[in-house]
């Protein structure tokens with residue numbers, strides 16, 4: 001029997017790698033994929049906690065996260081396309097008009 | 001209907017209020033649009049130029065030209081305004097007669113109109129009280145007020161803001177009747193403030209004239225100082241007695257006196273504060289300075305408000321609170337001394353004034369000083385008696401001077417009068433009667449009241465020969481300057497401008513009839529109070545006795561108060577008659593001196609002025625009191641205000657406000673850099689927040 | 001056996017994730033992402049979450065990553081115009097912070113107290129379906145609104161002219 005903390009550790013590591021991707025990369029596509037990684041890391045924690053606690057909520061939450069991830073990917077990629085048309089770049093540091 | 005006509009007492013103040021509403025509607029909806037339309041046209045001078053009192057007034061003949069085009073609403077106003085006051089007088093008279101038919105100890109009628117303020121233990125009803133004291137006041141106010149309303153119809157006939165004038169005048173009547181008929185201090189204070197407001201409005205009636213609006217402000221501010229005292233006194237009264245209603249307060253005096261709650265010090269504080277209010281309203285030292293300037297208002301206003309009624313409110317209040325004043329001998333002394341000093345002080349100023357109305361103004365201040373002298377020696381009856389007779393003859397003097405000014409197209413300088421006897425015979429005759437009355441010639445009303453005061457100031461336990469001496473001297477000076485006024489105005493050679501002299505004419509009947517009635521009252525008004533020593537029955541004193549003596553006798557100083565009434569017993573009748581003769585002699589000396597200086601040796605006054613230039617200068621400039629106040633008070637206040645504005649307002653307050661804005665700006669300038677617009681930056685701060693949060697949770701779990 | 005599988009798939013997931021964030025070209029990242037997702041799906045199976053594992057493969061690997069690949073090919077950024085990664089202060093700090101975050105979470109997860117209740121298969125069709133259509137019905141229905149909004153938003157954003 002694997003200890004629950006092993007799953008949580010794995011979850012944290014996946015989430016952390018995703019965070020590194022979001023913070024450290026410039027490529028918007030990779031950033032979006034890193035976000036997916038983060039969400040996956042969270043899902044691992046949800047499923048593991050749910051099964052160890054015997055609570056169906058874990059599964060349901062993971063399900064909801066997947067839904068949100070799908071929606072996020074769709075909208076995020078649409079934004080990316082729109083931006084690319086406008087700016088001809090996928091470098092996130094170029095996209096800094098959002099300031100005063 | 002147990003009370004009969006007394007149940008309609010509320011009509012007395014309500015009728016003038018009705019006049020305010022009706023005339024106010026006329027003034028707002030008929031007169032104001034008309035005046036505004038006229039103001040659009042190039043009219044030189046505006047309507048201020050049409051008042052007789054305005055020194056720059058246009059020729060009288062010119063203003064006559066406008067008379068025929070008087071709009072119809074003027075007739076309505078000219079009817080309503082005096083009619084409501086006349087009706088109020090009739091109701092008041094019937095009420096007083098009904099009251100007089102009651103036994104002497106039952107002559108206090110209270111009519112509760114509605115509960116006004118109910119807050120905790122503070123219960124103040126809107127209630128009217130008719131007793132001998134307030135009935136005298138109500139009759140004087142409505143009676144003289146009615147005559148002056150009638151007079152005003154004639155006097156103000158060339159005035160453009162005709163309806164506005166009568167609105168103010170009716171409002172004044174309402175406020176004054178509220179003041180005298182109120183059954184508690186708070187309602188009285190409402191009237192007190194109301195008359196102050198009307199006084200302000202009417203002094204500044206010709207507000208386009210700078211000096212008039214300034215005089216209005218001066219009066220208002222001087223009165224505010226006094227009102228402050230009244231307010232504090234009211235707080236103290238409520239704190240001490242738990243009530244503001246006259247009957248309850250005075251009924252609780254003996255009990256609280258015995259239990260030691262009402263100490264002499266407390267009574268002194270209350271009465272001194274009340275007296276501070278009285279000095280403001282009744283123009284006594286040190287707050288008298290506003291009254292002479294109040295002559296900027298129309299002359300009937302000077303007669304009604306600044307001579308006959310409003311300025312006597314202070315005397316009325318002191319008399320009304322006599323039960324409290326008698327408990328505070330120190331206050332009594334202050335009142336007597338201030339009264340006496342004011343009497344002689346302003347009388348001397350009156351000697352040198354050249355403006356006919358200002359002479360009368362200083363005379364009013366002086367006569368009010370007499371009334372306070374009487375109050376101060378415990379002779380409240382004498383004070384009210386003099387208040388009444390003074391209302392008659394001083395109103396007459398003012399209206400007479402108004403008639404003179406009217407005849408001379410607005411000329412107020414006595415140096416430009418003279419020989420008017422033949423132009424305005426009725427005015428001359430009536431004014432001469434009033435002058436005899438104020439000078440204290442035996443048989444005229446002023447003689448009885450003034451002599452009563454002088455006798456009381458000599459014989460009463462609070463009095464002293466010194467007070468009598470000052471009073472008698474002031475009486476002599478009064479006789480002198482009044483006859484100086486009469487001689488300069490009506491006798492001798494004409495010193496008028498020829499242009500003015502051509503138009504000199506007697507006033508219309510609306511003005512002469514009130515003059516005549518007031519003349520009759522000035523002569524006969526004193527006959528209700530002929531003292532016993534001259535074979536009279538002194539009806540007036542008996543009428544007022546239930547107000548002053550029972551409450552006084554109940555106080556701890558009752559003996560002293562009773563002494564005021566019984567003072568005559570301790571002194572012989574011979575002494576009384578002797579003093580009377582002496583004061584008459586002094587008055588005759590004053591008249592003789594005036595005759596000598598202004599009829600026989602007309603060059604002498606100028607000589608005297610040259611001989612003692614400093615003295616003349618000081619008196620002519622009213623002892624430089626205005627200048628002294630300007631220097632000692634106003635300049636200080638202005639300096640402090642300027643200092644506060646520059647130091648506190650500009651530096652401190654603005655500093656806080658601007659500083660706050662500057663801080664936000666500076667902070668924004670720094671914080672702005674956080675919003676770099678780079679997405680990575682936002683992500684990083686998000687991460688940093690998450691790290692810190694998780695770190696905190698970790699820390700908490702470790703600590704536990 | 002279970003431990004071996006956990007370590008195996010966990011290692012694959014972590015390695016795949018590292019490859020995702022370190023590849024220069026997004027297409028490589030996308031392919032490694034599929035690897036990670038499959039490994040996570042296998043981990044779900046280890047926890048008896050068969051349904052979620054299936055959804056993970058179908059929705060994530062099947063739909064989301066295909067969408068990524070599709071977009072990558074659509075915009076087709078030339079190799080030389082891909083953003084040049086440079087180590088700025090903020091990036092280094094970010095990586096450090098992420099490391100701290102992982103450490104913190106690791107320490108916290110060790111303190112995770114878990115009751116020894118009946119280990120239950122929470123990710124099966126039956127349990128998820130029962131929970132979704134009873135206790136979480138409202139949330140489930142609102143999810144449909146979220147997806148609708150995402151669809152409309154994506155169309156509105158990506159379309160040249162509406």
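Ranked by the mean number of other Cβ atoms within 10 Å per residue, highest first, peptides B:609-616, B:412-419 order as B:412-419, B:609-616.
Measuring nothing but how far apart in sequence close Cα pairs (under 8 Å, 6+ apart) lie, relative to its length, chain B scores a relative contact order of 13 percent. Each principal axis of the Cα cloud of region B:139-180 was taken in turn, and the coordinate range along them, longest first, works out to 32, 17, 7 Å.
Taking other C-beta atoms within 10 angstrom as a stand-in for reagent exposure, C:14, A:22 fall in the order C:14, A:22, fewest first. Note on region B:231-332: Cα Rg divided by 2.2 N^0.38 Å, N the number of residues, gives 1.24. Across chain B, the convex hull enclosing all Cα atoms gives 250 Å³ per residue. If R₀ is 41 angstrom, what is the calculated FRET efficiency for the pair residue B:624 and residue B:645, using the beta carbon separation as r and rounding to 0.05? Computed FRET efficiency for residue B:624 and residue B:645: 0.90. Mean sequence separation of contacting Cα pairs (under 8 Å, at least six apart), scaled by the length of region C:13-88, corresponds to a relative contact order of 27 percent.
Based on alpha carbons, the Rg and Dmax found for region B:306-465 are 16.7, 55 Å. Across chain C, the relative contact order, built from alpha-carbon pairs under 8 Å that are at least six residues apart, equals 20 percent.
The angle between the Cα long axis of helix B:573-595 and the main principal axis of chain B comes to about 90°, on a 0 to 90 degree scale. The mean number of Cβ atoms from other chains found within 10 Å of a Cβ in peptide C:72-80 is 3, as a whole number.
Dividing the radius of gyration of the alpha carbons in region C:1-86 by their Kirkwood radius gives 1.07 for Rg/Rh. Pair-distance distribution P(r) for region B:296-363, from all Cα-Cα distances in 5 Å bins starting at 0: 4, 15, 18, 20, 18, 13, 8, 4, 0 percent. Can you classify region B:646-704 as rounded, prolate or oblate using the Cα gyration tensor, where a ≥ b ≥ c are the square roots of its eigenvalues, rounded means a/c under 1.5, and otherwise it's prolate if a/b beats b/c and oblate if not? It comes out oblate by the Cα gyration axes.
Mean per-residue shielding of peptide B:663-675 is 1, counting Cβ atoms of other chains within 10 Å of each Cβ. Judged by the ratio a/c of the largest to the smallest principal axis of the C-alpha gyration tensor, chain C counts as oblate, that ratio being 1.5 or greater while a/b is no larger than b/c.
Taking other Cβ atoms within 10 Å as a rough exposure proxy, A:67, B:264 sort from fewest to most as B:264, A:67. For the peptide A:33-43, the mean number of other protein chain Cβ atoms found within 10 angstrom of a residue's Cβ is 6.
Convex hull volume per residue, computed on the Cα atoms of region A:4-100, equals 98 Å³. Think of it as helices only: each DSSP H run of n ≥ 4 in chain B is worth -39500 (n - 2.57), and spread over all residues that comes to -22500 deg cm²/dmol at 222 nm. Distances between every pair of Cα atoms in the protein assembly as shown, grouped in 10 Å steps from 0 to the bin holding the largest one, split as 2, 10, 16, 15, 10, 5, 3, 4, 8, 10, 9, 6, 2, 0, 0 percent. The fewest-to-most ranking of B:493, B:159, B:506 by surrounding Cβ atoms within 10 Å reads B:493, B:506, B:159.
For region B:200-247, the percent of C-alpha pairs falling in each 5 Å distance bin, counted from 0 to the bin holding the largest distance, reads 5, 21, 17, 12, 10, 10, 10, 8, 5, 1. How many angstrom lie between the C-alpha centres of region C:10-70 and region B:220-237? Their Cα centres are 89 Å away from one another. Any idea what angle helix B:132-155 forms with the longest principal axis of chain B, computed on alpha-carbon atoms, 0 to 90 degrees, nearest 10? Approximately 90 degrees, to the nearest 10. Rounded to two decimals, the Cα-based Rg/Rh of region B:190-269, with Kirkwood Rh, is 1.22. Compared with the dominant principal axis of the Cα atoms in chain B, helix B:11-26 is inclined by about 70°.
For chain C, the mean residue ellipticity at 222 nm estimated from helices alone is -23000 deg cm²/dmol, where every DSSP H run of n ≥ 4 contributes -39500 (n - 2.57) and the total is divided by all residues, rounded to the nearest 500. For region B:440-531, the C-alpha radius of gyration sits at 1.49 times the compact-globule guess of 2.2 N^0.38 Å, with N the residue count.
Any read-out appearing in this document is the output of simple, stated calculations on the displayed coordinates, not a laboratory observation. This is a predicted model, so every value here is computed, not measured. For neighbour counting, all protein chains shown are included, and Cβ atoms are generated from backbone atoms with ideal geometry for every residue, glycine included.
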